[in-house]
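Peer 1: Just passing along the structure, written as structure tokens.
The values are calculated or read from the model by the stated rules, or taken from the named source; none is laboratory data. Quantities reported herein were computed from a predicted structural model and do not represent experimental measurements. Positions of Cβ are generated from backbone atoms using ideal geometry, with glycine treated the same way; all protein chains shown enter the neighbour counts. Note: areas computed on protein heavy atoms with side chains; ligands, DNA, RNA excluded. Shrake-Rupley method; radii C 1.70, N 1.55, O 1.52, S 1.80 Å.
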Amino acid sequence: MRIVLLGPPGVGKGTQGRRLAGELGWALVSTGEMLREAVAKGTALGRAAGRRIAAGELVEDDIMVGLVRDRCAESDAARGFVLDGFPRTVPQAGALDALLAERGQRIDVAIYLGAPEAELVRRLSGRLECPVCKRAYHRTDARPRDGHHCDDHPGIELRQRADDAEETVRKRLEVYRVQTAPVVDHYRRDGRLREVSGLGSMDEVYRSLKQALGRPVPDPDPDPDPTSSGAPSGAPSGAPSGGPGRGRPVR
Ligand SMILES: [Zn+2]
């Protein structure tokens, strides 16, 4: 199955996408991560993209489409993938349909995660990360033990990503409203859109997301068996019935 995660910055697409892809054994294609990596490495693409990202602007369509075309052709994406951060414009959505059609593939479902703007500003402008291990913190939601330094790297001051500064966050939300919100209609028009609330705990949002995909929802009771955490669940329909109790999905 191939899905795209849509929604404003700060709604939790990255977190939910990583969990979903991990559980179902699909590739997570996060264009935001790919771009940040290119910026950090100082590649030609990274230099071209870096300045626009820091200003809260979108990277050009042709750069993004090329990036996604190559990534989705890698072997780990053959079984399925979750796209996070792409498409961000209507032309990108059209280009994605076209490049998948060339391979006889399509996006099966687009999930729209939504949340009120005030909540998005609060979430994004409070984010902090450790420059050493990249662990994510939040000023109010996930405070480090001493308030300022990484729990695992005492003495290392947490920092805010340039694009999470409040002014840049407001710019990102405005760009989202103008350029990305119409992408939702692209998928609504042909019946591929499912809407999910991004409010609530990470687990609550994840359960809603799985339900929207028509996938079995994991047991909410904590499972003491560590070998089962993160294990894929939800065998695809058509998987042989009467298998072993835990029903490992066919890969
Ligand atoms: Zn750290």
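Peer 1: Where the second residue is open to solvent by 50 Å² or more (accessible area, probe 1.4 Å) and not in a loop (DSSP other than H, G, I, E, B) and the first is over 14 Å from P8 (Cβ atoms) and within 16 Å of the ligand (Cβ to nearest atom) and lies in region 114-137, which pairs have Cβ atoms under 6 Å and are six or more apart or on separate chains?
Peer 2: Listed pairs, sorted by first residue: E129/A136; P131/R159.
Peer 1: Now a separate question. Given the condition surrounded by 16 or more Cβ atoms within 10 Å (Cβ to Cβ), over 22 Å from V59 (Cα atoms) and within 16 Å of the ligand (Cβ to nearest atom), answer yes or no: does some residue in region 187-198 qualify?
Peer 2: Looking for residues that are surrounded by 16 or more Cβ atoms within 10 Å (Cβ to Cβ), over 22 Å from V59 (Cα atoms) and within 16 Å of the ligand (Cβ to nearest atom), one finds none in region 187-198, hence no.
Peer 1: Which of the residues that make up region 4-23 are touching an Asp or Glu at 6+ places or on another chain (Cβ under 6 Å) and within 8 Å of I111 (Cβ to Cβ)? Talk me through it step by step, then tell me what you get.
Peer 2: Filtering region 4-23 down to residues touching an Asp or Glu at 6+ places or on another chain (Cβ under 6 Å) leaves 5, 13-14, 17.
Passing the criteria: only L5.
Peer 1: Right, another one. Restricting attention to region 11-57, which residues are buried (at least 20 other Cβ atoms within 10 Å of the Cβ), touching a helix residue (DSSP H, G or I) at 6+ places or on another chain (Cβ under 7 Å) and not in a helix (DSSP H, G or I)?
Peer 2: V11, G12, V29, S30, G56 - these are the residues of region 11-57 that are buried (at least 20 other Cβ atoms within 10 Å of the Cβ), touching a helix residue (DSSP H, G or I) at 6+ places or on another chain (Cβ under 7 Å) and not in a helix (DSSP H, G or I).
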